[in-house]
C-alpha cells in the first residue's frame, strides 16, 4: 500500500527493536540527516474513500475510481477474485447486493482488469450457487463475462485454528483460491452488526468465507446425512476464540482491496436476523483495516469494543487510528448513523477480560 507502512518492514523494525536490543539503532534509522535532535519524517495518511448517494452502482464505482491507478498497478497480471458476503442464501438483507458487484465489475472493465475475474463464495448456510441465483448474480456475471465459483467445489488446503475450550489446534479445510496470495482479492462486504464480534465488515467477509463445507451440507436439518461444514470450527468455540482466530488468520486471509457497501446496512441481530438501515454510503480502501475502521465509525460503534480489529491494529496489520486516516470524498461526520447492536452485546464483550481460572 503506497500510503501505509509495509507490514513486513514495520514488523521487522519492531522485532529488531524489542527482541534484538537495537532500540537505539532503530531510532537512528528514522532520523533525518542533519543532527541528533531531528524528528522522524511524517508518513502520509492512509486514504479511504467515502461516497454517498442514491445511485447504488455509481457510488461503488466512484469510490473505486479514487484509487484507480494504484489498484491497476497492484492487480498487474494477477487474477481478480471478488468475494461477496453470502452468509445465508435466502436473506437478501444479509447478502452483498448485485448492484455492488456491478459497480466493482464496471470499474474493473474501465481499467482493463476484467479478464479472468471471478466471483467466488462458500455460503454459510445452503448451496452457494442457489444463493447466487436468489441474489441475481448470474445476470451480472453474464453481463461482464465473469465466472461464478462455488468454493465448496474447489480444492481446499488445511489450516489450523485455535479452540478456546481446550486450547488445542483444530484443522479446517479452507479455500485454496482465497489463500493464494497470487490472486488479487476484493472483499465485497456489507455494513452489518454481528451477534458474536459486534460488527462484520471486509476482513471477516474473507476469513469466514474461506472454510468450506460438504456439498450435501445445509442448515436446519435439510442436508445429507454425514455432510459437515468446517465454518463452525473456525469460530474458535466462543467469543475469545472467534476474535483470536480472526486476528491470527488475517495475515494470510485479508483483502487486497476493501469495498464495504452500506447502501442498505443491517443493525441488531446480524449477520442474518437484523433489520435494515437506509445508509446510502460506500467505503473503499486498499488498506482493509482502515476501511473497517471508518465503517465502524459510520455505524456509530465504539471501535474499542471490536476485539479482532483491535488485535490487528495492535499488530500493525493496517491502520486502525482514525487520526492517521485521510477520508476522501464525503465528510465522515455527515454520514454517521448509530446502529443498534445485537441484544447480547454484553456477552460479546467478554473478550475484553481474561478468562477465570477453573
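Every number here is computed from the coordinates shown, using simple stated rules; none is lab data. Note that the structure is a prediction, hence the values are computed from the model and not measured. Cβ sites come from the backbone with ideal geometry, for glycine too, and all protein chains shown count toward neighbours.
Over the chain, what lengths in whole Å, largest first, do the semi-axes of the equivalent ellipsoid take, defined as the square roots of 5 times the eigenvalues of the alpha-carbon gyration tensor?
In descending order, the three semi-axes are 31, 26, 21 Å.
Taking the Cα atoms of segment 104-245 alone, what are Rg (to one decimal) and Dmax (as a whole number) in Å?
Cα only, segment 104-245: 16.1, 51 Å (Rg, Dmax).
For the chain, what's the relative contact order in percent, using C-alpha pairs closer than 8 Å and at least 6 residues apart?
20 percent
Taking Rh as the Kirkwood radius computed over C-alpha pairs, what is the Stokes-Einstein D of segment 247-318 at 20 °C in a medium of viscosity 1.002 mPa s, expressed in µm² per second?
164 µm²/s
Please list log₁₀ I(q)/I(0) at q = 0.14, 0.15, 0.16 Å⁻¹ for segment 211-358, using the Debye equation with identical point scatterers on the alpha-carbon positions.
Calculated log10 I(q)/I(0) at the listed q: -0.83, -0.94, -1.06.
Pulled fully out, how much extra length does the chain show between residue 334 and residue 144, if you take 0.36 nm times their separation in residues and subtract their Cα-Cα distance?
65.0 nm
What is the distance, in nm, between label points placed 7 Å from the Cα along the Cα-to-Cβ direction at residue 58 and at residue 180?
According to this spin-label approximation, the distance is 3.7 nm.
Return the calculated 222 nm mean residue ellipticity for the chain, to the nearest 500 deg cm²/dmol, obtained by summing -39500 (n - 2.57) across DSSP H runs with n ≥ 4 and dividing by the residue count.
-8500 deg cm²/dmol
Between segment 230-269 and segment 330-357, what's the alpha-carbon centroid distance in Å?
14 Å
What ranking do 281-291, 199-209, 78-88 get when scored by the average of other Cβ atoms within 10 Å per residue, highest first? Don't jump to the answer; show the numbers that get you there.
Numbers: 281-291: 29.0, 199-209: 26.3, 78-88: 23.5.
Answer by packing, highest mean first, reads 281-291, 199-209, 78-88.
Between residue 110 and residue 326, what FRET efficiency comes out of the Förster formula 1/(1 + (r/R0)^6) with R0 = 25 Å and r the beta carbon distance, rounded to 0.05?
0.60
Given a cut-off of under 8 Å on Cα pairs at least six residues apart, what relative contact order in percent is computed for segment 240-358?
28 percent
Could you compute the FRET efficiency for residue 251 and residue 130, with r as their C-beta to C-beta distance and R0 at 35 Å, rounded to 0.05?
Using R0 = 35 Å, I get an efficiency of 0.60.
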